[in-house]
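K.L.:
Structure in structure tokens, see below.
What follows is calculated from the coordinates using simple rules that are stated; it is not laboratory data. Quick caveat: nothing in here was measured; it's all calculated off a predicted structure. Cβ atoms come from the backbone with ideal geometry, glycine included; neighbour counts cover every protein chain shown.
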Amino acid sequence: MQMDDRQKELLRQLPKIDEIILLLEQKKVFERAPREIVVNTCRSAVGELREAILKSKKGGKGFVAPSLDQVAEAVTRKVENLHRPSLRRVVNATGIVLHTNLGRAPLCEEALHRVMDVSRGYSNLEYDLEKGKRGLRYDHVSKILCDLTGAEDALVVNNNAAAVLLVLNTLAAGKEAVISRGELIEIGGEFRIPEVMEKSGAILREVGTTNRTHLSDYEKAIGEKTGLLLKVHTSNFLIMGFTEEVQLPELAALGRKRGIPVMSDLGSGCLIETEKFGLKKEPTVQETLKTGVDVVTFSGDKLLGGPQAGIILGRRETLERVKKNPLNRALRIDKMTLAALEATMRLYLHEGEALTGIRGLRVLTEPLEEVERRAKKLLRLLKKAKIEGLTLSLKKGNSMAGGGSLPTQEIPSVLLSLRSSKLSANAVEQRLRQFDTPIIARIAEEEVLFDLRTIDTEELDIIRHALEGLARP
Ligand SMILES: *Cc1c(COP(=O)(O)O)cnc(C)c1O
């Protein structure tokens, strides 16, 4: 790239690294982080300025080289930022209840207490207190999982993707796993059934068509090489119109007749009857097991409302094989997750407690009037704060379950709409993300929208505080 005189002059004016370091030493910035990190931060700050000058068009016209003080200030800010946690709580104002990017299911209080109690010191993670010898880590949750679902045995791994990988690898490596073409799904991110299957060593054997698959399609595909019949819950979309799929009871019966294990990847892991709460039906774990399938897998942090985990339930003999797979060791769950999962599952001993204690379930089943009450409260709070330049109103809207649960369900909700006289909706949305407790909101047609279904009462003040901050220059 050809530099002109103006650019050369700007580069000359940039503060020297040594000068910045000297100033930072006087300001005691070196006490805040190891010397090497501070020096590297200086270098990259100056490096970025150089880049900006070199890239600037028309010889950097309008570009003012920052002073030594300004650069030192910027470096100090970056060093201070090292002390600020990167992984932080946020306010989820999106209305997507199980938002994968926002950590999916919030944990219940009991889970948090158990995590602290178990992880602060030592625990009986792999120690059988009765026998006084080595135990199995998943024994802490397998009994309660079996009691609640009717499964014969249970195993828990890192997440549901790991659960699917592990089961496929155990039952179908080097063999064919038969699956309907309509179920070769992508969950989002990197999880695509055909790719997971390939990594597991199972050979994909597609049957049927995208919209219709019959029992005879499975029957015809079964042969010497068949290791598994797999059914995947199409958890994030719906095929409508001229469709047909084989139901699990028929598939389980076919598997039994031909001596081939049948697996159901449920995805969400719902233990409650969603239709009791005016929601669409989400297949429950209990009824899926009752169909006679050999193994069921689902996530811990979707509708179940617990920590990230992959839960594998099913027949004892099948799970024995899965437990012996060496891959299990690589996918294993840690003690904090186990503590949280155990506490979450205990809430299900009493459905009422699960519905109030697990925030995801509470929010999904909360009557609209409650959401509306919270919306009015927020509106009152904001009006009382007399924040300048904001136009506020309430409007009807819809929340979504997210997290591969209830894919087409629109859950009625109340939204607070905000317009600023000074800032565009995009600018407001961006500023809201930059507060100490960031607020993640939606935008529609130049309005910033806060969905009150996913906002907790104790978060209303955080929003007021942020909007007051927004009004300040
Ligand atoms: C979500 C989902 C997965 C992946 O589960 P993770 O817990 O995100 O690893 C796999 N299968 C189905 C059907 C799902 O819905």
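K.L.:
Report, for the chain, the % of DSSP beta bridges that are antiparallel, rounded to 5.
P.N.:
Details: 33 of 55 bridges.
Of all bridge pairs located within the chain, approximately 60 percent are antiparallel.
K.L.:
What does the helix-only formula give at 222 nm for the chain: each DSSP H stretch with n ≥ 4 adding -39500 (n - 2.57), the total divided by the residues, and the result rounded to the nearest 500 deg cm²/dmol?
P.N.:
Result for the chain: -12500 deg cm²/dmol, rounded to the nearest 500.
K.L.:
Next question, about the same structure. Lys/Arg Cβ at +1, Asp/Glu Cβ at -1, dipole of the chain taken about the Cα centre: which of THR170, PHE191, ALA441 is farthest positive-ward?
P.N.:
ALA441
K.L.:
Expressed as a rounded percentage, what relative contact order does the chain have, with Cα pairs under 8 Å and six or more residues apart?
P.N.:
18
K.L.:
Would you order TYR218, TYR138, TYR127, TYR122 from fewest to most other beta-carbon atoms within 10 Å of each residue's own beta-carbon?
P.N.:
By the 10 Å Cβ count, ascending: TYR122, TYR127, TYR138, TYR218.
K.L.:
Oh, and also: State which entries of LYS225/LYS281; LYS257/LYS280; LYS143/LYS335; LYS280/LYS396 exceed 26 angstrom in Cα-Cα distance in the structure shown. Walk me through the intermediate numbers first.
P.N.:
Numbers: LYS225/LYS281 36 Å; LYS257/LYS280 33 Å; LYS143/LYS335 17 Å; LYS280/LYS396 20 Å.
Beyond 26 Å: LYS225/LYS281; LYS257/LYS280.
K.L.:
In straight Cα distance, which aspartates and glutamates are under 19 Å from LYS28, not counting same-chain residues fewer than 8 positions off?
P.N.:
ASP18, GLU19, GLU36, ASP69, GLU73, GLU80
K.L.:
Which value in Å is the Kirkwood Rh of the chain over different Cα pairs?
P.N.:
That comes to 26.0 Å for the chain.
K.L.:
Would you please state which residues of the stretch 151-193 a label at THR243 would reach in this model, taking the label point 7 Å out along Cα→Cβ and a backbone N cut-off of under 11 Å?
P.N.:
Backbone N within reach: 182-183.
K.L.:
Can you pull out the trypsin sites (Lys or Arg not before Pro) in the stretch 269-378 whose DSSP state is coil and whose Cβ has at most 15 other Cβ atoms within 10 Å? Kindly include the intermediate steps, with their values, before the conclusion.
P.N.:
Numbers: sites: LYS276, LYS280, LYS281, LYS290, LYS302, ARG315, ARG316, ARG321, LYS323, LYS324, ARG329, ARG332, LYS335, ARG346, ARG359, ARG362, ARG373, ARG374, LYS376, LYS377; in loops: LYS280, LYS281, LYS302, ARG315.
Those that pass, being in a loop and sparsely packed, are LYS280, LYS281.
K.L.:
Karplus couplings for the stretch 440-456 from phi (6.51 cos²θ - 1.76 cosθ + 1.60, θ = phi - 60°), rounded to Hz, Gly and Pro as x?
P.N.:
Here the 3J(HN,Hα) series is 9, 10, 9, 10, 8, 6, 6, 10, 9, 10, 10, 8, 6, 5, 8, 9, 8 Hz.
K.L.:
Another one. What FRET efficiency comes out for PHE191 versus TYR127 if R0 is 51 angstrom and r is the Cβ-Cβ distance? Round to the nearest 0.05.
P.N.:
E(calc), rounded to 0.05, equals 0.90.
K.L.:
Apply the Karplus curve 6.51 cos²θ - 1.76 cosθ + 1.60, θ = phi - 60°, to the phi angles in the stretch 173-182 and return the couplings in whole Hz, x for Gly and Pro.
P.N.:
5, x, 10, 8, 9, 8, 9, 5, 4, x
K.L.:
Give me the one-decimal nm value for the distance between modelled label points at ARG316 and LYS396, 7 Å along each residue's Cα-to-Cβ direction.
P.N.:
5.5
K.L.:
In addition: What number comes out for the charge environment of VAL246, summing +1 per Lys or Arg and -1 per Asp or Glu over other residues with Cβ under 11 Å away?
P.N.:
Summing Lys/Arg as +1 and Asp/Glu as -1 gives -4.
K.L.:
Among all helices in the chain defined by DSSP H, which have a length of 18 Å or more along the axis from Cα atoms plus a Kyte-Doolittle mean of at least -0.5?
P.N.:
Span-like helices here: 35-55, 68-81, 335-347.
K.L.:
Near the amide H of ILE203, under 5 Å away, which other amide H atoms are found, from residues 5 or more places off or on another chain, if H is placed in the peptide plane?
P.N.:
Residues meeting the criterion, in which the H sits 1.01 Å from N, are GLY174, LYS175, GLU176, ALA177.
K.L.:
State the Cα centre-to-centre distance between the stretch 186-261 and the stretch 401-443 in whole Å.
P.N.:
Value for the Cα centre distance between the two parts: 37 Å.
K.L.:
If you don't mind, there's one more thing I want to ask. Among DSSP bridges having both ends in the stretch 107-357, what percentage is antiparallel? Round to the nearest 5.
P.N.:
DSSP beta bridges in the stretch 107-357 are roughly 45 percent antiparallel.
K.L.:
Given an 8 Å cut-off on Cα distances and at least 6 residues of separation, report the relative contact order of the stretch 12-81 as a percent.
P.N.:
Here the relative contact order equals 50 percent.
K.L.:
Count neighbours as other Cβ atoms within 10 Å of each site's Cβ, and list the GluC sites (Glu not before Pro) in the stretch 301-389 that are DSSP loop with at most 15 such neighbours. All intermediate terms of the calculation are to be shown ahead of the outcome.
P.N.:
Details: sites: GLU317, GLU320, GLU342, GLU351, GLU353, GLU369, GLU370, GLU372, GLU388; in loops: GLU388.
Passing both the DSSP loop test and the Cβ count: GLU388.
K.L.:
So if R0 is 56 Å, what FRET efficiency would ASP4 and HIS113 give, r being the distance between their Cβ atoms, rounded to the nearest 0.05? Don't skip to the answer; put the middle values down first.
P.N.:
On the way: r = 65 Å, r/R0 = 1.16.
Calculated transfer efficiency: 0.30.
K.L.:
Something else now. With r as the distance between the Cβ atoms of GLN70 and ALA253 and R0 = 56 Å, compute the FRET efficiency 1/(1 + (r/R0)^6) and round to 0.05.
P.N.:
The formula returns an efficiency of 0.15 here.
K.L.:
Taking the alpha-carbon distance from LYS383 and a cut-off under 14 Å, which aspartates and glutamates remain once sequence neighbours fewer than 8 residues away in the same chain are dropped?
P.N.:
ASP461, GLU468
K.L.:
Using modelled amide H (1.01 Å from N, peptide plane; none on Pro or chain starts), what sits under 5 Å from the amide H of ILE96, excluding residues fewer than 5 places away?
P.N.:
Amide H neighbours of ILE96: MET400.
K.L.:
Additional query: Please give, to one decimal in nm, the separation of the simple spin-label points placed at ARG89 and GLU353, each 7 Å out from Cα toward the Cβ.
P.N.:
2.3
K.L.:
Taking loop as defined by DSSP and a crowding limit of 16 other beta carbons within 10 Å, which trypsin sites (Lys or Arg not before Pro) in the stretch 389-473 fit?
P.N.:
LYS422, ARG433
K.L.:
Identify, among ASN328, PRO307, THR344, the residue whose Cα sits farthest towards the positive end of the charge dipole of the stretch 301-371, taking +1 on the Cβ of Lys and Arg and -1 on the Cβ of Asp and Glu, with the dipole about the Cα centre.
P.N.:
Farthest towards the positive pole: ASN328.
K.L.:
A further question on this structure: Taking the Cβ of each residue in ILE96, ILE455 as the centre, tally the other Cβ atoms inside 10 Å and list the residues starting with the fewest. Write out the running numbers ahead of the final one.
P.N.:
On the way: ILE96 20, ILE455 25.
The order, fewest Cβ neighbours first, is ILE96, ILE455.
K.L.:
Work out from phi, with θ = phi - 60° and the Karplus expression 6.51 cos²θ - 1.76 cosθ + 1.60, the ³J(HN,Hα) of each residue of the stretch 276-288, listed in order in whole Hz, and give x for Gly and Pro.
P.N.:
Going residue by residue, I get 5, 10, x, 9, 5, 7, 10, x, 8, 5, 4, 5, 5 Hz, with x marking Gly and Pro.
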